Amino acid sequence: MSHSTAPVIFDIAIVGGGLVGASLALALAGTGLSLVVLEAQAPESESQPSFDDRTTALGNGSRRVFEALGIWSKLAEEAAPIRRIHVSDAGRFGFARVEAQQLQLDALGYVVSNRVLGRELWSALRATPAVTLRMPAQVRQVQLAAAGATLEVQDADGVSMLQARLVVAADGAQSLVRRVAGIGAQRNDYAQTAIVTTLRTDQPLDGTAHERFTTQGPMALLPLRSTRQGNWHGLVWAAAPDEAIKLLALDDAQFMQQWQQAFGWRAGAALQLGRRASYPLSLQQADATVATRAVLLGNASQALHPVAGQGFNLGLRDAAELAEVLAEAVADGLDPGSAQVLARFEAQRGADRQGVVRFTDALVRVFSDTRPGVAALRDLGLLAFDLLPAAKQALSRVSLGFGTQTPRLTRGQALR
Ligand SMILES: Cc1cc2nc3c(=O)[nH]c(=O)nc-3n(C[C@H](O)[C@H](O)[C@H](O)COP(=O)(O)OP(=O)(O)OC[C@H]3O[C@@H](n4cnc5c(N)ncnc54)[C@H](O)[C@@H]3O)c2cc1C
């Protein structure tokens, strides 16, 4: 059943109001473009795939974007600053530390729960009349043509049509928009599953984020905001799929025992465990990121291994750059969905996207290589890194992106 006959026309239709789509909508709110966000799952719903039980490590560039979007002060109340990163290789002598203070930074990044990100992004969107929100509303079909795009949307009232000058695919790794645009994607399975949970230990939090590489896969232990409920960490433990099945089947006490064995005692003794969830890990990269009247952002364009906490930070830079290019198009009187505008966006984003994908992929491969020579070289590499301030400076730049020019919002500047 249809509840409207004449299609409604927008400048921009954002398909997917998860981490990246919701951030883009907020960034575009002041540009004068007419916007609609179409999101299949309510942000507070248990089945929301973006705002789930995970925690996200945000770099300083992402903090500046959220400052510009006006939601950082709310996020900061529940964010845990990362004051240092400790990297170690299980069973080997190599380790490295990066201290925020040595780099003249207040923090290397901030850990925020995805639920808090979803709550603050959507509460800001709901208070922004310039953005039309359709949620829960599933985009079922999209037609892309030179004159504009037509979208078929299903919600509680039935099926309706809308038109847009530009469709933004922020609909995740299984992107419908990518498929209808005829863009293929290369998928490389890492044969690893990430187990994500929270863990309470008996040691006070000191702002240390631990990255520990094991032969099975990397493990990250991130500080969470201290509460009266004690010292909680976010844990991401990547393991071979059959090993992950076994770990998921253990009771909490057995799981904590296994964790303690794999991680050691540098964060104290495990006392309590949160709910466990699992994510199969692969690298997926779209063959192109723009098409007629369509552009791919975030996981729809590239979905990464979480080892270096780069996926959302990269997707947020995609959103910041697109907002900047579209604001320029408005000022120049250009059609926001034109090939000329999309080509400008694609050219600006290429280097950063490729750089982060290669960096993350290399990290996973080098650290899961068990050949003795490679492991010894890794030890040397980690030790050299520990002693070399320049290498640490380079790492701190990763949080700003690999491109020659980063988007204005990540530099703390207004869109124009
Ligand atoms: C274990 C793990 C840990 C991670 N940790 C970090 C980290 O610390 N730091 C970091 O930067 N990144 C991290 N990431 C990566 C990060 O989660 C992703 O980069 C991010 O979720 C991408 O957001 P997105 O909005 O592009 O896609 P998604 O999160 O997949 O959101 C897509 C949205 O689109 C909606 N949608 C889909 N199809 C439709 C449709 N047809 N109609 C309407 N709506 C639709 C979905 O409901 C969803 O809300 C991690 C990833 C994993 C797996």
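Observations
- Crossing angle, helix 114-126 versus the chain [Cα axis fit, 0-90 degrees, rounded to tens]: 20
- Of every Cα-Cα pair in region 108-195, the percent that sits beyond 18 Å: 63
- Cα pair count fraction exceeding 24 Å, expressed as % - region 14-112: 40
- Residues of region 186-229 with amide N under 13 Å of a point placed 7 Å along Cα→Cβ from TRP265: 202-203
- Note: relative contact order over the chain, using C-alpha pairs below 8 Å and six or more positions apart, is 21 percent.
- Length released on extending from GLN257 to GLN154, taking residue separation times 0.36 nm less the Cα-Cα span: 32.4 nm
- Convex hull projection area averaged over all views, region 273-352, Cα basis, nm²: 6.8
- Within region 220-289, the proportion of C-alpha pairs whose separation exceeds 13 Å stands at 72%.
- At q = 0.09, 0.11, 0.14 Å⁻¹, base-10 log of I(q)/I(0) for the chain (Debye sum, equal scatterers on each alpha carbon): -0.55, -0.82, -1.28
- Ranked for footprinting exposure by Cβ neighbours inside 10 Å, fewest first, TYR279, TYR190 give TYR279, TYR190.
Taken together, the values in this text are just the output of simple stated rules run on the coordinates, not laboratory data. Quick caveat: nothing in here was measured; it's all calculated off a predicted structure. Neighbour counts run over all protein chains shown; Cβ positions are idealised from the backbone, glycine included.
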